[in-house]
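Right, one structure below, let's go through it.
The values are calculated or read from the model by the stated rules, or taken from the named source; none is laboratory data. Values in this document were obtained by computation on a predicted structure and should not be read as measured data. Virtual Cβ from ideal backbone geometry, glycine too; neighbours counted across all protein chains shown.
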């Protein structure tokens, strides 16, 4: 078994009170369900320009502020909700990110109409390489550049690279046959 580089997330997350549980139980694991996928997309968008630790620490604040990451609830938000979110210290109060969350929830509703679910839309486009995914996400969603799209897809098992091959979590995820392994 090869040595895990000291710069990998696998090494840095080990034993960390916030990163450790996320690394061991969520990062890179296949994820399904519109609300769960929306949560991850919303969190990845909010991480832009910030540390993932900041997002993990504010995750429960996001959950409360965004109605448990309910796509349907967020898609129905109006100006009063937007103002409430921009005034909520429990989340990242960035107008572009708040607007993206609302618009992306509405877009997921549209994907349901055309594909049945966000998950089915992802499966319908798999496999794509990262550059193709980025182009697709940029034309489909708001606030989804290369890094956000890549991290989102890696975090839900669509792109490889979440874990170093020597990491025990890598083997656990591989046994689940994530989309990147097909």
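Below, the figures for the structure above:
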| read-out | value |
| --- | --- |
| Residue 28, sole failed condition from (1) touching a residue at least 60 places away in the same chain (Cβ under 8 Å); (2) assigned to a helix (DSSP H, G or I); (3) under 26 Å from residue 121 (Cα atoms) | (2) |
| In region 128-145, residue farthest from the chain's Cα centre (by Cα) [restricted to those that are part of a helix (DSSP H, G or I), closer than 19 Å to residue 99 by Cα and in contact (Cβ under 8 Å) with a residue 12 or more places away in the chain] | 140 |
| Number of positions in region 72-82 that are part of a loop (DSSP other than H, G, I, E, B) and touching a helix residue (DSSP H, G or I) at 6+ places or on another chain (Cβ under 7 Å) | 1 |
| From 85, 37, 43, residue being in contact (Cβ under 8 Å) with a residue 60 or more places away in the chain and part of a helix (DSSP H, G or I) | 37 |
| Subset of region 1-48 (residues that are out of contact with any helix residue (DSSP H, G or I) (no Cβ under 8 Å at 6 or more places or on another chain), under 23 Å from residue 181 (Cβ atoms) and modelled with pLDDT of 95 or more) | 25 |
| Selection status of residue 156, at pLDDT 95 or above and within 15 Å of the chain's Cα centre (by Cα) | yes |
| Top-ranked residue in region 112-121 [being in contact (Cβ under 8 Å) with a residue 24 or more places away in the chain and part of a helix (DSSP H, G or I); ranked as surrounded by the most Cβ atoms within 10 Å (Cβ to Cβ)] | 118 |
